[in-house]
Amino acid sequence: METIFIPAFILGVISNLHCLGMCGPIALAIPLNRSSKSAMLFGILQYHLGRVLVYAILGYIVGYIGMGIKLFGILQAISIIAGIGIIIYAWRKKLTFFKNPFTSSLRHTSLLSRSMGKIMRSESPLKLFLLGALNGLLPCGMVYTALITAVVLGTPILSATSMLAFGLGTLPGLVAFSLFAQQLGNPIRSKINRYLPYLITVVGLLIVLRGMNLNIPYISPKVSFSAAKKEVVMDCCHKNMKCEK
């Protein structure tokens, strides 16, 4: 399990560079009790708990997609394609043929923004948790990267664990940003974002290697199609409490 958790957590840590620029303004806008640092920290953790749990739920859902792919024996090919896609995304700003994939999601984002506005004005004790949950549904390239990584794991539990680890990895940067935003200026965020494509490229290459079946422990494990199919069938049987012979 640690071979799944650690890489996903590292991806989350890498995503802090991206999150400071994209999610930082949202984090500053949440209605925190700013009477003390401890009260602020408690509210911030509530907010991010909702976000991380939504990531885990999304991971569980895409895990079923990965299970279907695994059953058809094309998980390695999908892994290679996904890894290449992640590398292309990392360098999208330098590729003239790349079209922004988020333009079609503006309506979805607008709906979420209106919902977040209503929750901010409410007096619900779960306000911060719900705001974090909605934030977890906002279009985000790094979340999509993590979901692609989760899909190729091939089971709902592993995929959910991967997304949970990713969410936990994003916590240090965003929590620190919420607490010490005044000390972190735009030039610093701009400088660290410069290195983000290189780090995402490393993640993409690791996913490509995973699909190449090179029999390298932890990096490119050897996967037998018959064994993978048997694992999926047994998992389905376990859920249904019966198996067909």
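Worth a mention:
- Qualifying residue in the stretch 139-156 (condition: within 11 Å of residue 59 (Cβ to Cβ), of a type in the set (S, T, N, Q) and out of contact with any Ser or Thr (no Cβ under 9 Å at 6 or more places or on another chain)): yes
- When residues in the stretch 53-70 are screened for being closer than 14 Å to residue 146 by Cβ and either under 11 Å from the mean Cα position of the chain (by Cα) or among the hydrophobic types (A, V, I, L, M, F, W, C) (or both), 8 of them pass.
- Counted residues, the stretch 129-145 - those being touching a Pro at 6+ places or on another chain (Cβ under 9 Å) and aliphatic (A, V, I, L, M): 1
- Only residues that are hydroxyl-bearing (Ser, Thr, Tyr) and at pLDDT below 75 were counted across the stretch 179-218, and they come to 3.
The values are calculated or read from the model by the stated rules, or taken from the named source; none is laboratory data. Please read all numbers here as calculations on a predicted model, not as lab measurements. Don't worry about glycine lacking a Cβ; one is built from the backbone with ideal geometry, like all the others, and counts go over all protein chains shown.
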